[in-house]
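The values are calculated or read from the model by the stated rules, or taken from the named source; none is laboratory data. Quick caveat, the model's predicted, so the values are computed rather than measured. Note that each Cβ is placed from the backbone with ideal geometry, even for glycine, and that neighbours are counted across all protein chains shown.
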Amino acid sequence: MNLSLRGPALVDDAVLPDVLVRAVGERIVAVTPIEPGTEPPREALGAERVSGTMLPAYVDLHCHGGGGSAFTDLDDEAAASAARHHHEHGSTSLLASLVTMAPRDLERGVAMLAELCDDGLVDGIHLEGPWLAEARCGAHDPALLRDPTLAEVERLLSLGRGHVRQVTLAPERDHGLDLVNWLTSAGVHAAIGHTTASFGQVEQAVAAGADLATHLFNGMDPWHHREPGAAPALMRSAARGHVTVELIADGAHLSDDTVRTVLDLVGADHVAFVSDAMAAAGVGDGAYVLGGLPVVVDRGVARLRSDPDGTTPGSIAGGTSHVGDIVARAFGTGIPLAYAVRPGTRTPARALGLADRGALAVGSRADLVVVDDAARPTRVLRRGAWLG
């Protein structure tokens, strides 16, 4: 299928007023800026005029579900539905994230998601747990948290058949640094999160190869000026180019001021906007389940039920937004569009080694999002075909 689109587009960190984007099959074959007052190239004749601005499609490193379904449902159709939901909202590339589970359930989930990866619906598997800290477990069942063993890690990687791309871990656990080494030796990204690690323990983990931070600030000790913990250590490592930090910049997990501050201190090349979305994304308030734990979504915020009758909310239990919503929110706070888009596109694509994603460029996969004046997605192109 051949496709020619013409309109404003984000190219090389600049929004240009008139650009011709041509795709053949699943690949972009030309990105041609058209100068005002000049003769457009012959290829522009008959091109579809786009109403809005063309951006590279989003890449989500951390996503548990959406549209009423979740990867943790351990159901093929539910997992596929969740992936397609995020595709339709602009995240045409994503990792399918699993939460802490009993060993056999985790094995089932990894084997199931490997099939989804083979089908091209998701771009890898993210294990968030079970090797996390009880004191910062968030929406993970503390009874299922455990120390890593090489046997369990090797079993899960084998079931994943090369599709396990990222593992969130607490490096202070027994064999936590060994886990970083096991993962990085296997080509898997080690992400520090849900942790009580000290500043020094984080630096040790980064030196061992950890290169991601799972939802910075959330699931970590607060930044104390005399006892700095994981958050400042990860920001320092990111500023030095060693780590990419995830931010759930949805206004519930982090304030807009915190997001702007991290972007200013670390730079957009080392920040990845993630949804951390659970099943309620795109659905609305109500009762849900995440990894076997009951969750209540109220006014767009998901929290665990912490008492028997469910009237007292507990920890935040994932997000209810899409990366496209987060980029639009960042843009709405005054961040320039090109800078707001980069943490949702190029930075996560580079972090995962997806060289053909995250930019409108020749050779890239034909994935793009058309956004309105508020940076809200209105149309999505994936693999050269319009969705929806």
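The table below gives the values:
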quantity	calculated
First in the stretch 237-263 and farther than 19 Å from V59 by Cβ, second anywhere and among the basic types (K, R) and in a helix (DSSP H, G or I), Cβ under 8 Å, 6 or more apart	G251/R329; D256/R329
Filtered residues of the stretch 36-65 (kept if assigned to a loop (DSSP other than H, G, I, E, B), exposed (fewer than 13 other Cβ atoms within 10 Å of the Cβ) and touching a strand residue (DSSP E or B) at 6+ places or on another chain (Cβ under 8 Å))	P36, G46, S51
Qualifying positions in the stretch 201-215 - touching a residue at least 24 places away in the same chain (Cβ under 8 Å) and part of a helix (DSSP H, G or I)	Q201, V202, E203, Q204, A205, V206, A208
Number of the condition not met by L354 [criteria: (1) touching a residue at least 60 places away in the same chain (Cβ under 8 Å); (2) surrounded by fewer than 24 Cβ atoms within 10 Å (Cβ to Cβ); (3) closer than 24 Å to L265 by Cα]	(3)
Failed criterion for A207 (all others in (1) closer than 26 Å to T149 by Cα; (2) buried (at least 24 other Cβ atoms within 10 Å of the Cβ) hold)	(2)
Filtered residues of the stretch 200-233 (kept if closer than 22 Å to A139 by Cα and among the charged types (D, E, K, R))	D221
Selection within the stretch 250-276 - out of contact with any helix residue (DSSP H, G or I) (no Cβ under 7 Å at 6 or more places or on another chain), under 15 Å from A338 (Cα atoms) and surrounded by 18 or more Cβ atoms within 10 Å (Cβ to Cβ)	L263
Selection within the stretch 223-249 - in a loop (DSSP other than H, G, I, E, B) and either touching a helix residue (DSSP H, G or I) at 6+ places or on another chain (Cβ under 6 Å) or within 16 Å of H194 (Cα to Cα) (or both)	W223, P228, H242, V243, I248, A249
Given (1) more than 20 Å from A82 (Cβ to Cβ); (2) surrounded by 17 or more Cβ atoms within 10 Å (Cβ to Cβ), number of the condition V369 does not satisfy	(1)
Long-range neighbours under 6 Å by Cβ, at least six apart or interchain, first residue in the same structural domain as R346 (by TED's automatic domain parsing) within the stretch 11-39, second assigned to a strand (DSSP E or B)	none
Residue within the stretch 130-140 that is more than 22 Å from the chain's Cα centre (by Cα) and among the charged types (D, E, K, R) present	yes
Extreme residue, surrounded by the most Cβ atoms within 10 Å (Cβ to Cβ), among residues of the stretch 138-150 that are touching a strand residue (DSSP E or B) at 6+ places or on another chain (Cβ under 8 Å) and within 14 Å of A170 (Cα to Cα)	H140
